[in-house]
């Protein structure tokens, strides 16, 4: 599985935007970029995913570099409820495209 | 219903006990997963079932025995566990046919082996 690199931790203030980076220099042409987050004492939850183009949904935006070697998850206005570990995951589209392999993730702290 | 339900939420078992963890979903997902998560670590994949057949076993010790009796249920049978097996066990499910679909996770079973 292609590897992702994320900062161990980041800090933000409430109601400010947060940009969570992810490097994936060995990404293959068919790998999708997925983001999940895990709130304290809960199972992971899906945030967003994309292949080449930037993506928006009600939770966040995903900005993908033109060479696809990096991406950024954007939370437009952080709330205290966004404090979680955020995982950037590459997911193939081949025979085992349903397999999710988690890296270490980024622990996001949101200050009131 | 976009929920994956895991029972029990907490389980304490002795090293000689036999117990089972249960997972249920009614989203029509044909892929189901077991993950193990130790404190302050990311989830680690243990098993994947696709169309009720075991498709991935990540070299998990035989004291963990998965079972998928039907498309909605996933069990993890536990026998002769060690204290180091204490962890949060997460179940997840997803579609198989749709390209790059999202996975839904349960809240997990917190297992303590004494």
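Every number here is computed from the coordinates shown, using simple stated rules; none is lab data. Because the structure is a prediction, the values reported are computed rather than measured. For neighbour counting, all protein chains shown are included, and Cβ atoms are generated from backbone atoms with ideal geometry for every residue, glycine included.
Of all the options B:22, B:41, B:53, the one that moves most in a Gaussian network model of chain B with Cα springs shorter than 10 angstrom is B:41. One Cα centroid belongs to the range B:1-57, the other to the range A:61-112; the line between them spans 23 Å.
All distinct Cα pairs of the range B:1-102 go into the 1/r average, and the inverse of that average, the Kirkwood radius, is 14.1 Å.
What FRET efficiency comes out for the pair residue B:56/residue A:81, r = Cβ-Cβ distance, R0 = 25 Å, nearest 0.05? Computed FRET efficiency for residue B:56 and residue A:81 comes out at 0.15.
Comparing mean-square fluctuations of A:55, A:47, A:85 from a GNM of chain A with C-alpha springs under 10 Å, the top value falls on A:55.
Scattering from the range B:14-67 was approximated by placing one identical point on each alpha carbon and applying the Debye formula without solvent; log10 I(q)/I(0) at 0.21, 0.27 1/Å stands at -0.94, -1.23. Placing a pseudo-label 7 Å from each Cα along the Cα-to-Cβ vector at residue B:3 and residue B:70 gives an inter-label distance of 1.9 nm. If you run the Gaussian network model on chain A, springs between alpha carbon atoms under 10 Å, then out of A:67, A:82, A:31 the most flexible one is A:67. Over the C-alpha trace of chain A, radius of gyration and Dmax come out as 13.4, 45 angstrom. Across all directions, the average projected area of the convex hull around the alpha carbons of the protein assembly as shown is 12.3 nm².
Distance between the 7 Å Cα→Cβ label points at residue A:51 and residue A:104: 3.2 nm. Express the relative contact order of the range B:42-107 as a whole percentage, based on alpha carbon pairs under 8 Å and six or more residues apart in sequence. Across the range B:42-107, relative contact order equals 19 percent. Taken over the C-alpha atoms, the range B:45-109 has Rg and Dmax values of 12.7, 39 angstrom. Its relative contact order, with pairs defined as Cα atoms under 8 Å and 6+ residues apart, puts chain B at 37 percent.
Averaged over the residues of B:102-108, the number of partner chain Cβ atoms lying within 10 Å of the residue Cβ comes to 6.
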